[in-house]
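Every read-out reported here was derived from the displayed coordinates using simple, explicitly stated rules and does not represent laboratory data. Please read all numbers here as calculations on a predicted model, not as lab measurements. Counting neighbours? That spans all protein chains shown, and the Cβs are built from the backbone with ideal geometry, glycine included.
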Amino acid sequence: MTEKPRPTGITLNKNKGYMEINWNIDNVTARYSLPHLREACPCAECRGGHEFMGAAYDPDDLMSLQLLPARDYTIKDLQLIGNYAIQPVWGDGHSSGIFTWEYLWKIRPKEG
C-alpha cells in the first residue's frame with residue numbers, strides 16, 4: 001500500500017513570503033512561494049468556475065504558474081481543516097480555497 005502524504009511540520013514565514021512543509025514521505029521538505037500558492041488556489045472562484053474543478057485541472061508544479069499583479073499574496077491566517085487540509089486566509093480576505101495534503105503534495109515545487 002502506498003503511503004499517503006501527510007505533513008510532519010508546517011512553517012509559515014510571512015516576512016519572506018513562503019510556507020514550508022516537511023512531509024512524511026522520503027523526508028521531503030518543500031518550500032511553497034505564497035504568490036504561487038495563491039495562484040494554485042483550488043476553489044471554484046479561482047479556477048474559473050465549477051467546470052474547471054478536479055485533478056484534471058491541477059497544476060503539475062506550483063512554480064509553473066504565472067503570477068497576477070492584482071492579487072494579495074500575503075497570508076493573514078492559516079486554518080487547519082480536520083486532519084486532511086489547510087485553509088489560508090489571504091490578505092484581501094479570500095479564504096474559500098481548501099488545500100488538501102494530497103493536493104499540496106502533488107503541486108509541491110520540485111528540486112532540479
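Numbers below:
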quantity: Pair residue 72, residue 13: separation of 7 Å Cα→Cβ label points (nm); calculated: 2.3 nm
quantity: The chain, relative contact order [Cα under 8 Å, separation at least 6], %; calculated: 24 percent
quantity: Three-way shape call for segment 69-112 based on the alpha-carbon gyration tensor, with the a/c threshold at 1.5; calculated: oblate
quantity: Set of lysines with alpha-carbon distance to residue 76 below 28 Å, sequence-local pairs under 8 removed; calculated: 14, 16, 106, 110
quantity: Segment 9-48 residues near the modelled residue 100 label - backbone nitrogen below 13 Å, point 7 Å along Cα→Cβ; calculated: 42-43
quantity: Structure-derived volume of the Cα convex hull per residue in Å³: which label, when the choices are (i) 92; (ii) 123; (iii) 222; calculated: (ii)
quantity: Highest-first arrangement of 49-58, 93-102, where packing means the average Cβ count within 10 Å; calculated: 93-102, 49-58
quantity: Rough spin-label spacing in nm, given labels placed 7 Å along Cα→Cβ, for residue 50 and residue 2; calculated: 2.9 nm
quantity: Relative contact order computed over segment 30-79 (Cα-Cα under 8 Å; 6+ residues apart), in percent; calculated: 48 percent
